[in-house]
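Trainee: I'd like to ask you about the structure that follows.
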Amino acid sequence: MSNQPFKRHVIYKKDKWNMLNVEVQGTKIVLTEISDQWGEECHTFIGRPAMMHWAKERFPKESFQGTEEEWEAIMEAFKQV
């Protein structure tokens, strides 16, 4: 096993209580979502297609509460993982 640290990505961070981080751990992708409303939720994906499917379900463009630019920035951040 490699001694390299996991690659981390910040999808968004509004403050210390509202953020979404992704860690690539070899073939696994571990997504941690922290919100002041729901607490901490962790999801594990085997591959990027599964993560992108989750992201599109979690952030549907039609009901996203924010600007279109914010939605596009979130989706682009997921694509960079």
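The values are calculated or read from the model by the stated rules, or taken from the named source; none is laboratory data. Note that the coordinates shown come from a computational prediction; the quantities given were computed from them, not determined experimentally. For neighbour counting, all protein chains shown are included, and Cβ atoms are generated from backbone atoms with ideal geometry for every residue, glycine included. Note: areas computed on protein heavy atoms with side chains; ligands, DNA, RNA excluded. Shrake-Rupley method; radii C 1.70, N 1.55, O 1.52, S 1.80 Å.
Trainee: Cβ-Cβ below 9 Å, separation at least six or inter-chain, first residue in the range 16-44 and more than 19 Å from residue 75 (Cα to Cα), second open to solvent by 80 Å² or more (accessible area, probe 1.4 Å) and assigned to a strand (DSSP E or B): which pairs?
Mentor: Close Cβ pairs satisfying both conditions: 25/7; 25/44; 27/46; 28/44; 28/46.
Trainee: A further question follows. Of the residues that make up the range 35-42, is at least one surrounded by 13 or more Cβ atoms within 10 Å (Cβ to Cβ) and within 18 Å of residue 17 (Cα to Cα)?
Mentor: Among the residues of the range 35-42, at least one is surrounded by 13 or more Cβ atoms within 10 Å (Cβ to Cβ) and within 18 Å of residue 17 (Cα to Cα), which makes the answer yes.
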